[in-house]
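Written below as structure tokens is the structure these notes are about.
The values are calculated or read from the model by the stated rules, or taken from the named source; none is laboratory data. Given the structure is predicted, the values throughout are model-derived calculations rather than measurements. Here the Cβ positions follow ideal geometry from the backbone for every residue, glycine too, while neighbour counts run over all protein chains shown.
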Amino acid sequence: MDLIAALAIQGLQMALVLALAPLLLGFTRKVKARLLRRRGPSIFQPYRDLLRLIRKEVVLAENASWLFRSGPYMIFAATWVAAALVPTFATGLHFSWTADLIAITALIGTARFFLALLGMDVGTSFGGIGASREMMFATLAEPAMIMITFTVALVAGSTQLSAIAQFMLTSSSLRVSLGLALAALIIVALAENARIPVDNPATHLELTMVHEAMLLEYSGRHLAVLEFAAALKLLLYISLIGCIFLPWGLAQPGDGVALYAVGLVTYVGKLALGGFLLVLIETSIAKMRVFRVPDFLGIALMLGLLGTLLRFVSRSF
Amino acid sequence: MPLTVALWSVAVLLSIAFLAMMGSRLRAASVTVYAACLATSLVNLISAALYLLNDSAALSARLPIGLPWIGANFRIDALAALFLVVINLGSAAASLFALGYGRHETAPARVLPFYSAFLAGMNLVILAGDAFVFLVSWEFMSLASWALVMAHHHDEDNRRAGYIYIMMASFGTLALLLAFGLLAGPTGNYLFSSITGAQQPEWLHGLVLILVLLGAGSKAGLVPLHVWLPLAHPAAPSHVSALMSGVMTKVAVYAFVRIVFDLMGSPAWWWSMIVLAIGALTSVLGVLSAMLQRDLKRLLAYSTIENIGVVFLGLGLALAFEAAGMTAAAALAFTAALLHAFNHSLFKSLLFFGAGAILTATSERDIEKLGGLIQPMPQTAFLFLGGCLAISALPPLNGFVSEWLLFQSVLTSPELPQWSLKLMVPAVGAMLALSAALAAACFVRAFSIAFLGRPRSTAARTAAETDIYSRTAMGMLLAFCLLVGILPGPVIDVMAPVVEQLVGRAMPIQGHDAWFSIVPVAESRSSYNGLLVFVFIFLSTLLAIQIIHRFASRSLRRGPAWDCGFPDPRPITQYTADSFAQPVRRVFSAVFDARERVDMPAPGDARPARLEVSWRDYVWETMYAPISLAVQLAAEKLNRLQFLTIRKYLSLVFAALVILLLVISIWT
């Protein structure tokens, strides 16, 4: 009975991230439009976009390979698994010990690896520009993410997200190293999700685009799958920040249905807050030149390294 | 029994080498030699694996060959058995690959005898039970591989590679000779078993460590002793490149582990500082250099340097923990290093085989002239892609498991007592993460330029899928990569006796754990389950495909590429390997002093605009160029000594004798 309940909660989490990801995207677009004094599309628009793309015919470049057609599903699966392993509304899910934060980072890395390959598949220069820049960002964002993991893991004594969330719930003291990790994580999240100031999610046909450039040759259902994966990744990062730094409201294993419901509601609240803050950042700063981004990500790396170093030096930071 | 099997297989390999020398002109020579090497390697592999799985109690034997009265001592223990497994798995795969690849060899007489002699040499180094056998086998291995590097000596570059290789190899052997001399002490005891127990001062052990780093490190490719590696490894035929990169570097790792962990016993804490610094430097410099290469095989050779750096980084951590008495952490770091060495032998051989397949299909090593190979060679492309994923440390393949274990062991190091190590280890962890991320960028570049896009040359357009033997060899290695990636627990358990032998304690047994997850320290602390990650990815991919194909439109149309409405059909307009590397090159330009210069002709001038990219190899410029200059100058000055009269020679000899006697009398 316990096992069935545990599996049901795990399944619920997998379905939940899937259901909420487009909504989060729609919400951020709506808020952004309101902040720019536009009315903006409905927050359900991303669902409609996905449905429309799914119904459309796929137009494939003549020399597109088998990788071009199967890659989107791989990316989607890796991102989905990663997103489902981050505690959203409850900790200690049945399979939460499958992968820790390092493995989740690496799963996102797998998705990015395939995405960059897909950008190169047809052999257009836009794909190449996107892929090469994405990998350049990743060479700094990934070590920064590992350093953030180190900092958090050294504070909480674990790299498992469930254990980290438990620790954060019970520990009350504020720590310098965690502040550094939060700042670094926000920078990494902005870069990984191709948001301003690193990349502009609303841009098309510009030489500065990175993420969109890799998807340029995609259409129809393949594009829908890739857009969905991007939405999942945004949800993943906001869930991650919420789970580590705002762990309140997370249901624990063995809690009653009511507490799980509380967990769900607070989770949706956290997503909304995260989305709102993201849009606030995006509307208040301008996009950077591409070769300023390494400096920006270098800050994240240094903050993460500093946080780790502080923890190595003393346990009280 | 395993020792007997191993020694007999060495004897068989040597006789194959001899027979191949006699009959290399025969048409069937190539197939026969490779088939015989394959069978011998398999027998040796199975016997070593069984020994490792069962009891792994040390066995030794003395053969009445070699130096009179001393004989030749051979020994096998858990550590040796593990490396025998690595070597023979690699050589079995290489021999299988060569069954197909070797048919295209233009000079089989220059490859076949040395190939099996090379295999014999590597096995002998592992089996050596005394310093004499070790050094002789080491030199034999070096010379056999040197002969293979020189197989295609008509090429000027290969001759230069061979020259630099033999210089560095001799230097390495010299360093090891001195190291063993110091270890043996004035009593001259060269038996490994008696070195282990000997009490020696700490400074002497420190000196030996430096010498071993020079000797084994030059063979493994540690920075700054790596310069020969990216020249020599690619120069050999591809299956030999795979052996040199995937396997021979592991023999060097074995030499380091054997001497530092086994023969010298308890380490001092500052040893780990040196090893960690060199390991971190090697891993980042190796992968950054790999990122800039156009020659596929040279790129793979530089990536070998990176992985060797990662292995040494793990060994350095193990030394630090062992010196601090943290045996559990030392076991974790040591296991991670050994596992990474094993993993690297798998995926690096796979990638070199892929490069060999491309070479056969297109006669091209320059990736700028390839492109679009995924169409004519879909299976090779799939296998090569698997190798790229594994080497980029991406789950659920094996490269990730060893890197994950290394990260976990970095996380256990705040308890280290020394402040300098406390400050150093986080930086080393950052370097490790940086090299993993750069490796991903490097292999996206390698795969996408060679296999994706449109063909950049006629050779790439007319390529054909490689033969069945080569694909089987690659498929076998990829299967191992996946297997180790999803079931790391049993592999770690197999390594437990080795770890226990060398650092005094093994990692907790992983086999009992549900679903084969690995738990390095405690479940509350960290765990990783490759099997479930793989199953989840597999199932969600299937689910996504099912749902999409159930509800989505199935229609599909082929058309010209979109490319923002301005597609240019000429393949030259694609992103090239150099342009793909440009962002990384620019970000890390300080490391290489990379510069780009645009030469834009004035309006009306008809010459084409040019973009010149240049970078410098600081290691070569600051270390090797001055040394070679000094040697050349000295050689010119000393050249006069060759043309003296007999009288002058005799007086020189007399003077030397007198001076030496004086020195001895003053010394004592």
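Here are B:Ala427, B:Ala463: which of them is buried (at least 24 other Cβ atoms within 10 Å of the Cβ) and among the aliphatic types (A, V, I, L, M)?
Unique residue meeting the criteria: B:Ala463.
Just need a number here: residues in region A:113-128 that are at the interface with chain B (Cβ under 7 Å from one of its Cβ atoms), in a helix (DSSP H, G or I) and crowded, with 24+ Cβ neighbours inside 10 Å.
Of the residues in region A:113-128, 7 are at the interface with chain B (Cβ under 7 Å from one of its Cβ atoms), in a helix (DSSP H, G or I) and crowded, with 24+ Cβ neighbours inside 10 Å.
Just to check your reading of the model, which residue among B:Arg570, B:Arg610, B:Arg586, B:Arg597 is among the basic types (Lys, Arg) and farther than 30 Å from B:Pro230 by Cα?
Of B:Arg570, B:Arg610, B:Arg586, B:Arg597, the one residue that is among the basic types (Lys, Arg) and farther than 30 Å from B:Pro230 by Cα is B:Arg570.
For region A:183-241, give me each residue that is of a type in the set (Asp, Glu) and assigned to a helix (DSSP H, G or I).
Answer for region A:183-241, where residues must be of a type in the set (Asp, Glu) and assigned to a helix (DSSP H, G or I): A:Glu192, A:Glu212, A:Glu227.
Within region B:499-529, which residues are crowded, with 18+ Cβ neighbours inside 10 Å and at the interface with chain A (Cβ under 9 Å from one of its Cβ atoms)?
Hits for region B:499-529 are B:Ser517, B:Val519, B:Arg525, B:Ser526, B:Ser527, B:Tyr528, B:Asn529.
Of B:Ala355, B:Ala433, which residue is facing chain A (nearest Cβ under 9 Å) and either modelled with pLDDT of 95 or more or in contact with a helix residue (DSSP H, G or I) (Cβ under 7 Å, 6 or more places away or on another chain) (or both)?
None of the others qualify; the one that does is B:Ala433.
Just to be sure before I move on: is B:Ser409 polar (S, T, N, Q), more than 8 Å from every other protein chain (Cβ to nearest Cβ) and under 25 Å from B:Leu531 (Cα atoms) in the structure I sent?
Yes; evaluated as a whole, the condition is true for this residue.
I need the full set of residues from region A:20-68 which are of a type in the set (Val, Ile, Thr), within 13 Å of chain B (Cβ to nearest Cβ) and out of contact with any strand residue (DSSP E or B) (no Cβ under 7 Å at 6 or more places or on another chain), in order please.
Correct list: A:Ile54 only.
Out of region B:533-577, which residues are buried (at least 17 other Cβ atoms within 10 Å of the Cβ), under 30 Å from B:Ile367 (Cβ atoms), at the interface with chain A (Cβ under 7 Å from one of its Cβ atoms) and β-branched (Val, Ile, Thr)?
Across region B:533-577, the qualifying residues are B:Ile537, B:Thr541.
Which residue is nearest to B:Ile278 (Cα to Cα), if the candidates are limited to region B:294-347 and must be crowded, with 24+ Cβ neighbours inside 10 Å and of a type in the set (S, T, N, Q)?
Checked region B:294-347; the qualifying residue nearest to B:Ile278 (Cα to Cα) is B:Asn307.
Could you go through region B:75-93 and let me know if any residue there is under 21 Å from the mean Cα position of the chain (by Cα), more than 18 Å from B:Val149 (Cβ to Cβ) and not hydrophobic (A, V, I, L, M, F, W, C).
Among the residues of region B:75-93, at least one is under 21 Å from the mean Cα position of the chain (by Cα), more than 18 Å from B:Val149 (Cβ to Cβ) and not hydrophobic (A, V, I, L, M, F, W, C), which makes the answer yes.
As an exercise: evaluate B:Arg585 against (1) more than 30 Å from B:Ser218 (Cβ to Cβ); (2) in a helix (DSSP H, G or I) and give the number of the one condition it does not meet.
(1)
Can you pull out the residues in region B:31-47 that are over 26 Å from the mean Cα position of the chain (by Cα) and in contact (Cβ under 8 Å) with a residue 60 or more places away in the chain?
Matches in region B:31-47: B:Val31 only.
Mind checking which helices (runs of 4 or more DSSP H) fall wholly inside region B:181-255 and carry at least 3 residues that are over 30 Å from B:Gly100 (Cβ atoms) and polar (S, T, N, Q)?
B:192-197
Look through region B:359-376, keep the residues that are within 11 Å of another protein chain (Cβ to nearest Cβ) and surrounded by 20 or more Cβ atoms within 10 Å (Cβ to Cβ), and return whichever of them is farthest from B:Asp157 (Cα to Cα).
Here the answer is B:Ile374.
Which residue pairs have Cβ atoms under 6 Å apart, sit 6 or more places apart or on different chains, and have a first residue in region B:548-569 that is free of Cβ contacts under 8 Å to residues at least 40 places away in the same chain and part of a loop (DSSP other than H, G, I, E, B) and a second that is exposed (fewer than 14 other Cβ atoms within 10 Å of the Cβ) and not charged (D, E, K, R)?
B:Pro567/B:Pro560
Among B:Asp605, B:Asp593, B:Asp599, which is the only one that is under 34 Å from the mean Cα position of the chain (by Cα) and either away from chain A (no Cβ under 14 Å) or touching a residue at least 60 places away in the same chain (Cβ under 8 Å) (or both)?
The match here is B:Asp593.
Any chance region B:196-211 includes a residue that's modelled with pLDDT under 95, surrounded by fewer than 22 Cβ atoms within 10 Å (Cβ to Cβ), in contact with a helix residue (DSSP H, G or I) (Cβ under 9 Å, 6 or more places away or on another chain) and among the hydroxyl-bearing types (Ser, Thr, Tyr)?
yes
Among the residues of region A:151-171 satisfying the criterion of being more than 7 Å from every other protein chain (Cβ to nearest Cβ) and without any contact (Cβ under 8 Å) to a residue 40 or more places away in the chain, which is surrounded by the fewest Cβ atoms within 10 Å (Cβ to Cβ)?
A:Thr170
When you go through B:Leu389, B:Leu350 one by one, which is the residue that is closer than 21 Å to A:Gly109 by Cβ, at pLDDT 95 or above, in contact with a Phe, Trp or Tyr (Cβ under 8 Å, 6 or more places away or on another chain) and within 14 Å of chain A (Cβ to nearest Cβ)?
B:Leu389
Here is a list: A:Ile148, A:Ile102, A:Ile108, A:Ile75. Which entry is part of a helix (DSSP H, G or I) and within 7 Å of chain B (Cβ to nearest Cβ)?
A:Ile102 is the lone residue from the list that is part of a helix (DSSP H, G or I) and within 7 Å of chain B (Cβ to nearest Cβ).
A:His222 - would you say it is closer than 30 Å to A:Arg133 by Cα, over 16 Å from the mean Cα position of the chain (by Cα) and either of a type in the set (Asp, Glu) or at pLDDT 90 or above (or both)?
Considered against the rule, which asks whether it is closer than 30 Å to A:Arg133 by Cα, over 16 Å from the mean Cα position of the chain (by Cα) and either of a type in the set (Asp, Glu) or at pLDDT 90 or above (or both), A:His222 comes out as yes.
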